[in-house]
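Take a look at the structure below.
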Amino acid sequence: MQIQDKHNLILDALMTLLENKNIKSISVSDIAQTAGIAKGSIYYYFPSKDAIIEALVERSYASSIETAKQLAKKTDIPPFTRMALIFQACRNSSLEFLRQKSVSENTNLEEKSMLHHKYLSYIIAELKPVLSEIICQGIENEELSFDYPVALAEIVLLVLTVKLDNTLIPSSAEEIEQTILGLIALLEKGTDNPKGSLNFLTLPME
């Protein structure tokens, strides 16, 4: 069996276990038994159970991250349009992950918070350089104006991921919408875009 196949086998085993058990009660031995491999083999691929959980989260968003990286290269698309597409792709992945039976029915609040924290950390770390590149391209092409592109990328990601994730600061759909509209207003002023020109960044709330 190839390394990547066994890597995914371990992650699949964890997902299977999560259908009937909570994260804390699952041991590395349980994962190994479910995967049909020796416990020692687990540590060849992952140093700990926590690392397996992190890898599972990363795999869940791998498609969205790849979409973001490909969009960053499409310089024929306006920068904010690319940003909106990236946000929507990541939000859809997040909703899909949270709708999975193993997460929605058998994971308590504390464990969900832990999963969300890992999701937030991963998404921000992966998308910050991507969005920074898009913003820099917009500045170079004189499509927008801003002195701190990397800081802007981080600010946008922090606001969007925290609000759309809706776990750290639980909010109603109306409150989330107001926060997004506030962010859009700041973006318009900060990047010299006309008022209302970035309203298309508003994402539909569920």
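The values are calculated or read from the model by the stated rules, or taken from the named source; none is laboratory data. The structure displayed is predicted, hence computed values, not measured ones. Glycine also receives a Cβ, built like all others from the backbone with ideal geometry; neighbour counts cover every protein chain displayed. Remember, those area values only see protein heavy atoms, side chains included, never the ligands or the DNA or RNA. Shrake-Rupley method; radii C 1.70, N 1.55, O 1.52, S 1.80 Å.
Any chance segment 54-62 includes a residue that's out of contact with any His (no Cβ under 9 Å at 6 or more places or on another chain), in a loop (DSSP other than H, G, I, E, B) and surrounded by fewer than 19 Cβ atoms within 10 Å (Cβ to Cβ)?
Within segment 54-62, not a single residue is out of contact with any His (no Cβ under 9 Å at 6 or more places or on another chain), in a loop (DSSP other than H, G, I, E, B) and surrounded by fewer than 19 Cβ atoms within 10 Å (Cβ to Cβ).
In this structure, does T34 turn out to be of a type in the set (S, T, Y), under 24 Å from K163 (Cα atoms), at pLDDT 80 or above and assigned to a helix (DSSP H, G or I)? Give the steps one after another, and end with the answer.
Numbers: of a type in the set (S, T, Y): yes; under 24 Å from K163 (Cα atoms): no; at pLDDT 80 or above: yes; assigned to a helix (DSSP H, G or I): yes.
No: the conditions fail for T34.
Tally the residues that are at pLDDT below 85, in contact with a helix residue (DSSP H, G or I) (Cβ under 7 Å, 6 or more places away or on another chain) and open to solvent by less than 80 Å² (accessible area, probe 1.4 Å), restricting the search to segment 167-179.
3
Can you say whether K6 is farther than 24 Å from H117 by Cα, part of a helix (DSSP H, G or I), among the basic types (K, R) and open to solvent by 40 Å² or more (accessible area, probe 1.4 Å), as far as the supplied structure shows?
Numbers: farther than 24 Å from H117 by Cα: yes; part of a helix (DSSP H, G or I): yes; among the basic types (K, R): yes; open to solvent by 40 Å² or more (accessible area, probe 1.4 Å): yes.
Yes: the conditions hold for K6.
If you go through segment 123-154 one residue at a time, how many are open to solvent by less than 60 Å² (accessible area, probe 1.4 Å) and modelled with pLDDT under 85?
Selection size over segment 123-154: 2.
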